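Only the coordinates and a few stated rules stand behind these numbers; no lab work does. Values in this document were obtained by computation on a predicted structure and should not be read as measured data. Here the Cβ positions follow ideal geometry from the backbone for every residue, glycine too, while neighbour counts run over all protein chains shown.
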Amino acid sequence: MVSGAREKSFPWLLVGCLCVLTAAPARAYYDEAAADRALEVARQQLNRTVTDPGIPTNRYPKASTDAGTWTLITESNTVAWTQGFFPGLLWSMYEQGRDPFWRTQAEAWTQNLEVQKTHSETHDTGFKIFTSFGNAYRQTGNPAYRDVMLTAAGSLAARFNPTVGIIDCCAWNSDWNVPLVVDTMMNLELLFWAARNGGDPAWNDMALRHALKTASDMVREDGGTFHVVDYDPRGRILSRGTFQGYADSSTWARGQAWAIYGFTMAYRYTRDSAMLFYAQKVSDYYLAHLPADFVPNWDFDAPTQQKDSSAAAIAASALQELSTYVSDPTVAQRYRNAAISTLESLSSPAYLATPGSGPGILLHGTGFFPRNEEVDKSLIYGDYYFVEALIRFKRLMQGGWLSTFDFPSSVRPLGTGNTGVGIVEFDVTPLSQPIDAVIGYADSSTPVTRYASLAMSLRMNPSGFFDVHQGGGYAALASVPYQAHATYHVRMRADLNAKTYSVWVTPPGGSEVLLADNFAFRSDAPPTDDLGQVSLKSGHFESEFRLQNHTVRAEGTPPTEQPPPTEQPQNPENREEEAAVTGDVGGCTSAPGATFAAAGLLLWLLRPGRRPRNTRRPR
């Protein structure tokens with residue numbers, strides 16, 4: 001067991017140094033190099049598992065054992081919920097470097113899970129299918145993976161109880177009537193996604209109704225959560241309590257993390273203000289009850305101290321995403337600082353695997369404490385969300401604008417003065433391949449709600465090439481392929497008077513290629529008198545590409561060197577407020593992101609129990 005005791009706090013003399021800190025480079029106490037080191041540990045541990053001859057591709061790791069091996073779950077087990085996380089981890093390894101070895105491994109463990117797509121005995125179809133087949137489709141674009149997800153979404157939707165307004169958790173516990181459990185918030189993503197990718201649009205409403213019911217009946221006034229709410233067939237509450245927590249009135253740490261992640265994810269898909277409100281409410285409770293190392297006890301109210309690194313990993317991933325949706329920069333900063341502090345702890349020797357420590361990536365996870373099952377072990381779902389959190393951290397540290405699946409949040413304002421003939425330049429990096437993504441432009445007065453709102457559009461199409469919208473469809477003068485994680489420079493000349501535009505693309509290390517020559521604006525787009533907005537629209541998933549160094553200038557004006565844009569908290573309801581967020585504090589002008597990093601460092605140094613680095617005790 002890892003001790004949860006706080007270390008004695010250490011005084012720091014910081015008076016008068018804030019301006020010095022804010023002018024420093026955008027580096028916090030946890031940086032990309034630290035994340036890369038943790039990802040390398042993950043890679044080594046996963047390689048150990050996939051090359052173990054005793055683990056066939058139809059058996060799925062769940063928890064470490066005292067013997068240094070994994071407990072394994074069969075591909076056909078309908079009650080189990082963890083089979084998707086291991087193939088999801090393998091797809092994450094493939095995403096990092098596109099190494100064919102990891103794709104081969106990921107495909108093998110993913111394909112054997114297809115048997116789960118028709119099982120409707122449990123809400124956990126979402127956990128099993130979205131983490132495996134969802135990552136597979138995101139990385140390959142293979143429509144067979146998409147078809148599996150749509151079938152699985154139909155199986156999950158079959159558990160929706162319209163009278164109560166929830167996804168009925170499961171049929172395996174006879175003590176429950178119509179149970180709502182906090183874990184189901186995670187499974188809703190399968191329904192949200194499928195409703196937007198060829199499935200029944202009603203699935204979105206089912207998922208949102210379930211999330212709203214969770215908010216009203218499961219979240220306490222103080223922001224803590226029950227684990228289980230049971231209803232009678234008419235929808236009346238029979239009981240509120242726990243299944244894996246300490247007591248009915250306590251707050252189970254992993255359940256609280258599920259709530260943070262689930263409400264944040266629901267906001268991503270729906271932009272429903274209630275989802276954002278409850279995401280913050282449960283996050284604030286979680287943060288207020290953390291110990292000094294940001295890794296919670298298995299239950300916030302339990303007298304028995306036993307860390308749960310899996311809850312910390314889930315929260316670290318979710319809080320980073322939540323920080324991009326909150327309009328108040330101070331609050332957004334607090335969420336991201338907490339996520340970074342959590343990653344720092346999880347990446348330390350206290351929690352990260354070392355040679356001989358076992359097969360997992362994270363140590364000290366707690367599965368089911370009341371039954372003494374999987375206590376102080378590596379847990380495959382903890383590993384999954386830890387790696388996801390590391391990848392999210394790296395993306396946010398790299399700055400720029402990330403594409404979104406939702407139209408309103410995809411829009412970045414460019415101002416009203418870009419008229420006449422304009423030159424646009426930027427760098428774009430696909431983050432997976434293939435994708436179906438658009439960089440489009442609209443007038444400053446145009447509400448961007450669909451592709452037809454965009455008069456000019458550059459696309460990275462599912463076939464793996466760039467093309468440009470001309471009049472009534474997409475075309476290209478040359479075949480320019482794109483590769484994941486390669487950066488392409490784009491130059492565009494837009495003649496707003498003639499309603500035509502030309503586009504050039506420069507591949508990495510290559511020469512500029514003319515992709516479109518005086519293509520006509522989209523024929524069904526509204527009038528476009530200025531380059532007032534740019535939309536970064538994902539086709540299937542969030543964050544399909546990154547855009548950096550975006551500039552607009554009048555033709556004939558020499559380009560000026562501009563700092564790369566940083567990813568600011570997204571506030572689709574108030575883009576002017578978002579654009580006003582700067583790095584200027586107390587008259588000190590800072591480099592992009594430096595204020596954020598320095599403030600995070602200041603909060604970290606002052607937090608209870610934190611020692612300066614040169615006096616920290618060995619762990």
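The table below gives the values:
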{"read-out": "Local electrostatic count, Leu477, Cβ distance below 12 Å [Lys/Arg +1, Asp/Glu -1]", "value": "-2"}
{"read-out": "Sequence of Asp517, Asp183, Asp175 once ranked by neighbouring C-beta atoms within 10 Å, starting from the fewest", "value": "Asp175, Asp517, Asp183"}
{"read-out": "Order of Phe127, Phe465, Phe426 - criterion: other Cβ atoms within 10 Å of each residue's Cβ, fewest first", "value": "Phe465, Phe426, Phe127"}
{"read-out": "Lysines with Cα under 26 Å of Lys128, excluding same-chain neighbours fewer than 8 positions away", "value": "Lys62, Lys117, Lys213, Lys307, Lys377, Lys394"}
{"read-out": "Projected label distance in nm at Asn47 and Trp172, using a 7 Å step from Cα toward the beta-carbon", "value": "3.5 nm"}
{"read-out": "Translational D in µm²/s for the stretch 192-339 (Stokes-Einstein at 20 °C, 1.002 mPa s, Kirkwood Rh from C-alpha pairs)", "value": "135 µm²/s"}
{"read-out": "Alpha-carbon radius of gyration plus Dmax, which is the widest Cα pair, for the stretch 402-557 in Å", "value": "14.0, 38"}
{"read-out": "For the stretch 51-397, Kirkwood radius (reciprocal of mean inverse C-alpha pair distance, Å)", "value": "20.1 Å"}
{"read-out": "Rg/Rg_globular for the chain, with Rg_globular taken as 2.2 N^0.38 Å and Rg from C-alpha atoms", "value": "0.97"}
{"read-out": "Top positive-direction residue, dipole computed over the stretch 51-397 with Cβ charges, set Trp81, Ile129, Pro349", "value": "Ile129"}
{"read-out": "Sum of -39500 (n - 2.57) over DSSP H runs of 4+, divided by residues of the chain (222 nm, nearest 500)", "value": "-10500 deg cm²/dmol"}
{"read-out": "Mean shadow area of the stretch 500-540 over all directions, Cα convex hull, nm²", "value": "4.6 nm²"}
{"read-out": "Ranking of Met397, Met218 by count of other Cβ atoms within 10 Å, fewest first", "value": "Met397, Met218"}
